[in-house]
Amino acid sequence: MRIDPTEVARLINAGQAPPPDWIPQIGALTALQRLILTRSRIGDVAPLAALTQLQHLHLSFTAVHDVAPLAELTELESCFLTGSLVEDIAPLAGLLRLERLDLGDTRVSDASPLAGLHMLQSLDLSNTLVRDIAPLSGLRDLQYLDLTNTPLADVSPLAALHNLRWLILRGTPAAASPPSLPHCQIITRAQLPRRRQASRG
């Protein structure tokens, strides 16, 4: 099936994913700035590597495992991978424009590739295997960090993050003795900050 760019734009603006048989050809739409493939049947993101103007990418609840092709998308400002099969996020280390990254409910265990993403303002690592957040200690623009249900016990690396406003520690060992962080709301129980109650991308 040949891609209809007008129809793709309509679907994206309506918050819908394009038909699955369009995905292999979607790399031809090089002017795309926003792409929503949430809950689609995409597994291979290689066709997206050509979308170098992309700023917002939604791949939540998909079978995506290998994110290496996303390394080419250096204009990305937000990337949603919640509920995907991602484990290795090293290819994301060069996406220096990222302001929001959602990795919740994935198999990610190593946060070190995020150390250089200094423009990050919102980071979701909930329900992952991350236990060391020392790599996040230099993310001075970070305002929101969700660590729900991770094996994290030590949050002392966050002490230098003076712009942090929301820290979610529900279900973590660290919740038993939460840190004192000025100007930061620390969530250790079931309540959610209002701005994040909307469904994830």
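The values are calculated or read from the model by the stated rules, or taken from the named source; none is laboratory data. It should be emphasised that the depicted structure is a prediction, and the values quoted were computed from it without experimental measurement. Positions of Cβ are backbone-derived with ideal geometry, glycine not excepted, and every protein chain shown enters the neighbour counts.
Observations on the structure shown:
- Test: residue in the stretch 125-135 that is surrounded by 18 or more Cβ atoms within 10 Å (Cβ to Cβ), over 15 Å from the mean Cα position of the chain (by Cα) and not assigned by TED's automatic domain parsing to the domain that holds Gln33: yes
- Residue list for the stretch 102-140, restricted to those being among the charged types (D, E, K, R) and assigned to a loop (DSSP other than H, G, I, E, B): Asp105, Arg107, Asp110, Arg131, Asp132, Arg140
- Condition broken by Leu92, with the remaining ones in (1) at pLDDT 95 or above; (2) not polar (S, T, N, Q); (3) not in a loop (DSSP other than H, G, I, E, B); (4) not assigned by TED's automatic domain parsing to the domain that holds Gly43 satisfied: (4)
- Screening Arg165 with (1) closer than 28 Å to Gln33 by Cα; (2) surrounded by 14 or more Cβ atoms within 10 Å (Cβ to Cβ); (3) modelled with pLDDT of 95 or more gives one miss only, at (1).
- Boolean, Gly171 is surrounded by 15 or more Cβ atoms within 10 Å (Cβ to Cβ), part of a loop (DSSP other than H, G, I, E, B) and at positive phi: yes
- Test result for Leu164, touching a Cys at 6+ places or on another chain (Cβ under 8 Å), aliphatic (A, V, I, L, M) and not assigned by TED's automatic domain parsing to the domain that holds Arg39: yes
- Checking Ala160 against (1) among the aliphatic types (A, V, I, L, M); (2) touching a residue at least 24 places away in the same chain (Cβ under 8 Å); (3) surrounded by fewer than 17 Cβ atoms within 10 Å (Cβ to Cβ), the condition it does not meet: (2)
- Qualifying residue in the stretch 103-111 (condition: touching a Ser or Thr at 6+ places or on another chain (Cβ under 8 Å), more than 19 Å from Thr148 (Cα to Cα), of a type outside the set (Val, Ile, Thr) and touching a residue at least 24 places away in the same chain (Cβ under 8 Å)): no
- Failed criterion for Glu87 (all others in (1) surrounded by fewer than 23 Cβ atoms within 10 Å (Cβ to Cβ); (2) assigned by TED's automatic domain parsing to the domain that holds Val64; (3) within 18 Å of Leu54 (Cβ to Cβ) hold): (3)
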